[in-house]
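The values are calculated or read from the model by the stated rules, or taken from the named source; none is laboratory data. It should be emphasised that the depicted structure is a prediction, and the values quoted were computed from it without experimental measurement. Note that we place each Cβ from the backbone using ideal geometry, even for glycine, and neighbour counts take in every protein chain shown.
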Amino acid sequence: MTKRKIAWIFVMVFAVTAALGIVLGLDGTHDITLREAQVQEKINANLPLIKNDLAVRRVDIDLQDGTVGISLDAEGKKWGQEFTISAHVEGRPVFDSMDGSFHFQPHAVKVTEIRVKGETVSAKVEKFIDRYVDSAKIDKNKEVIGEEIEKWAHASMEHTTIFALEHLPIYTLPNTLKGNIFRMLLKSVEVHQESLSLHLSFWQLTKMVMLHAVIFTLSVGVAIGLLLNPEWA
């Protein structure tokens with residue numbers, strides 16, 4: 001193979017790559033819009049969401065401008081007891097391109113109910129006092145004590161819920177050619193009233209294609225050089 005032919009190979013590779021970049025990048029950023037029902041369907045298909053000792057069994061979403069509201073039911077184990085919780089969370093979706101997963105970043109969490117083996121925390125505390133505590137003063141204030149411990153339990157579970165949601169993938173793109181291409185294209189996520197917009201950047205994909213093309217071209221060039229010039233070895 002002559003040097004002229006090698007040069008033409010390099011020219012063709014870069015020309016095809018550049019053409020791909022021009023064609024795909026003509027419109028810059030493209031949007032995919034998902035309706036609230038579509039997002040809900042994808043989340044439901046991924047349930048339960050499990051992190052450590054917490055399993056999220058139900059998630060109902062409410063898409064608003066700039067914010068995602070979530071009502072959820074979960075179960076798990078804490079303080080050596082099995083429990084169930086209901087909570088309302090507000091936050092926004094974020095995409096991790098490294099693992100191809102959508103995560104939820106909460107900024108407000110309100111635990112509305114905690115039940116330990118079917119009973120509220122305050123009821124459990126009052127039963128414990130009735131059974132094990134022999135103090136007239138404590139017995140007189142058991143309802144107040146139960147309410148305060150319930151408040152503490154809610155605050156503790158709110159922190160647990162935030163941690164779990166931050167680390168739980170809500171939806172992971174399939175490990176397929178289509179899924180991997182989508183991962184490279186996705187630039188940002190925007191929340192609207194009852195819809196979610198996924199902004200795709202074809203220039204982002206083009207840059208990655210060009211990078212791989214350069215690496216491939218250099219590899220081919222070195223290989224051809226070694227074949228044509230045995231003395232390099």
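Please find, within region 133-179, the residue that is farthest from VAL94 (Cα to Cα) out of those that are in contact with a helix residue (DSSP H, G or I) (Cβ under 8 Å, 6 or more places away or on another chain), without any contact (Cβ under 8 Å) to a residue 24 or more places away in the chain and charged (D, E, K, R).
In this case the residue turns out to be ASP139.
Looking only at region 120-132, count every residue that is surrounded by 14 or more Cβ atoms within 10 Å (Cβ to Cβ) and either in contact (Cβ under 8 Å) with a residue 60 or more places away in the chain or of a type outside the set (D, E, K, R) (or both) and tell me the total.
Number satisfying all stated conditions: 7.
Against the conditions (1) farther than 17 Å from SER156 by Cβ; (2) at pLDDT below 90, where does ALA123 fall short? Just the number, please.
Looking at each condition in turn, ALA123 falls short on (2).
Within region 24-31, can one find any residue that is loosely packed, with under 14 Cβ neighbours inside 10 Å and either at pLDDT 90 or above or of a type in the set (Val, Ile, Thr) (or both)?
no
Among the numbered criteria (1) closer than 29 Å to ASN180 by Cα; (2) of a type in the set (Phe, Trp, Tyr); (3) at pLDDT 90 or above, which single criterion is violated by PHE83?
(1)
Run down PHE102, PHE95, PHE128 and say which single residue is in a strand (DSSP E or B), of a type outside the set (Ser, Thr, Tyr) and over 19 Å from PRO48 (Cβ atoms).
After applying the criteria, what remains is PHE95.
Any idea which residue in region 42-73 is nearest to THR172 (Cα to Cα), counting only those that are assigned to a strand (DSSP E or B) and among the basic types (Lys, Arg)?
LYS51
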